[in-house]
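See structure below.
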Protein chains: 2
Amino acid sequence: MNTPKYVKIEQEIRNRIENGEYPQGSKLPNQLALSSEFSVSRMTVKRVLDALAIQGLIYSRRGDGTYVMTNIPQKIEKNAPASEHQGLTVYFGADRVESRIIVFDIQFPSPQIQEKLHLRKNDPVFKIIRLRLVDQQPYVLEHTYMPQKLMPDLDESVLYGSIYAYLKSTGLKLSGSYRKIHAVFADEFDIKYLNCSPKDPVLEVEQVAWLADGTPFEYSLSRNRYDARSYTVVDNNTL
Amino acid sequence: MNTPKYVKIEQEIRNRIENGEYPQGSKLPNQLALSSEFSVSRMTVKRVLDALAIQGLIYSRRGDGTYVMTNIPQKIEKNAPASEHQGLTVYFGADRVESRIIVFDIQFPSPQIQEKLHLRKNDPVFKIIRLRLVDQQPYVLEHTYMPQKLMPDLDESVLYGSIYAYLKSTGLKLSGSYRKIHAVFADEFDIKYLNCSPKDPVLEVEQVAWLADGTPFEYSLSRNRYDARSYTVVDNNTL
DNA sequence: AAGTGGTCTAGACCACGCG
DNA sequence: GCGTGGTCTAGACCACTTT
């Protein structure tokens, strides 16, 4: 019972949109009516509507009302939302995801890694290269650097599953990430493990992720076959 | 005086972070102190802090305090934030941006365009291909489709500048967009206008943008040289 | 135990769209 | 003029971290 009201109400309204109870283009009940239905204050309703607007599901017009967006971006399996960094296991389910470890090593960080992970030059980092497969198909090749001091007992058995699940189990809370998306040429690893051809384009996602206390804990480069994955972003100016 | 307080306070706190008055890693004054300093309620302060947290500038820990993020992502010129779709002119300034029109045509929409722009098959659309240059260097090649009925007097003179500025002048308010980012091969246009080589990777951004009333008004494919541009996303779980 | 941020309320006033 | 959403308040209670 400690999940906040605004989370539950957001979920409920999202459900109503998805199952057609609030059809695309239709007007939602006004904020006072929603307050009354859910027995919350109008401020709480407003907070929920703001969150849904950010996700591109609804929009509001002052003096008029709140509407369900037409043409809601369809969720396609090949599409990863560019926000939300929980990892493949959550997205596809553990049954369909498999990991192969190409490299598991420990080393001193390069100047670039020192800067990204906020480390001194003698703080060891794990260097990991993992191939991740979905339904037995190569999906993404991840080059990951993580500070050893944050997770001294990381080992290969963890890497066969989800690093995020491991972090949760250690009590480390992850909080945010910063990602940069490029197009690049396939390199030798991509050719070998993603079955790319030389000169194929690859979608590379460079990421720095940090914990709830602001400590950066991961620097990674995720390399995706050009025909296997894309990233989506929803942008909203109405707030 | 109709800019809301929360906008001004957000700007002020961002300035303090940028000029070092609130150094990276330091603790901010608590919410009560900020309420008092800015003469607003704590709710308003909280709203501001949430917004800054979403942008990855600060983070809060219940029971402890609010801190300035260490390692704040620096803005690099080659980096477009993946949110904010205002266009190049605002980003670089009109002096540095130039547009060349490769194609300006009107046609009936393909089934795909009909669906994306929510059109009937006899609603004409403009088809535009523009090469945009920054500092005389080819920067992005945009393939754009826009419904004629929304902007009946669009012509080439508009296209030499900023479409967004034109929309503003017509009273149409744009509100949001949905983007999908891929890596693809260079095509004949990219080779000719972006000076790509055959088989070069290209970063393609597929976008649907809509107006404040939810009407989709633009479907576009922006194609960027692999070495010229990347997209950045900040993600935050703390809310 | 004290101090912090997270949630929520019950109102108020304002700006805007519409008939 | 009326109904709508946008902003803002002054407080309350709770969950959490720290000492």
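Scanning the range A:35-61 for residues that are touching a residue at least 12 places away in the same chain (Cβ under 8 Å) and over 25 Å from A:THR232 (Cα atoms) returns A:PHE38, A:VAL40, A:THR44, A:VAL45, A:LYS46.
Taking A:THR232 as the residue in question, decide whether it is touching a Lys or Arg at 6+ places or on another chain (Cβ under 8 Å), within 12 Å of chain B (Cβ to nearest Cβ) and either surrounded by fewer than 19 Cβ atoms within 10 Å (Cβ to Cβ) or modelled with pLDDT under 90 (or both).
yes
Can you confirm whether A:VAL125 is more than 9 Å from every other protein chain (Cβ to nearest Cβ) and either buried (at least 22 other Cβ atoms within 10 Å of the Cβ) or small (Gly, Ala, Ser) (or both)? Considered against the rule, which asks whether it is more than 9 Å from every other protein chain (Cβ to nearest Cβ) and either buried (at least 22 other Cβ atoms within 10 Å of the Cβ) or small (Gly, Ala, Ser) (or both), A:VAL125 comes out as yes.
For the range B:32-46, residues that are under 12 Å from B:ILE13 (Cβ atoms) and within 9 Å of DNA strand C (Cβ to nearest atom) total 2.
Residues in the range B:13-45 that are near DNA strand D (Cβ under 8 Å from one of its atoms) and within 14 Å of another protein chain (Cβ to nearest Cβ): 4 in all. Could you grab me the full set of residues in the range A:128-160 that are farther than 15 Å from A:ASP105 by Cβ, surrounded by 15 or more Cβ atoms within 10 Å (Cβ to Cβ) and of a type in the set (D, E, K, R)? Within the range A:128-160, A:ARG132 is the sole residue that qualifies.
Listed by position, the strands (runs of 3 or more DSSP E) enclosed by the range B:140-239 that each have at least 1 residues that are charged (D, E, K, R) and in contact with a helix residue (DSSP H, G or I) (Cβ under 7 Å, 6 or more places away or on another chain) are B:216-225. Counting only helices (runs of 4 or more DSSP H) wholly contained in the range A:1-68, the ones carrying 1 or more residues that are under 24 Å from B:HIS118 (Cβ atoms) occupy A:5-18, A:42-54. Within the range A:111-128, being closer than 22 Å to A:PHE189 by Cα and in contact with a helix residue (DSSP H, G or I) (Cβ under 7 Å, 6 or more places away or on another chain) holds for A:VAL125, A:PHE126, A:ILE128.
The values are calculated or read from the model by the stated rules, or taken from the named source; none is laboratory data. No experiment lies behind these values; they were computed from the predicted model shown. Cβ: placed from backbone, ideal geometry, glycine included. Neighbour counts: every protein chain shown.
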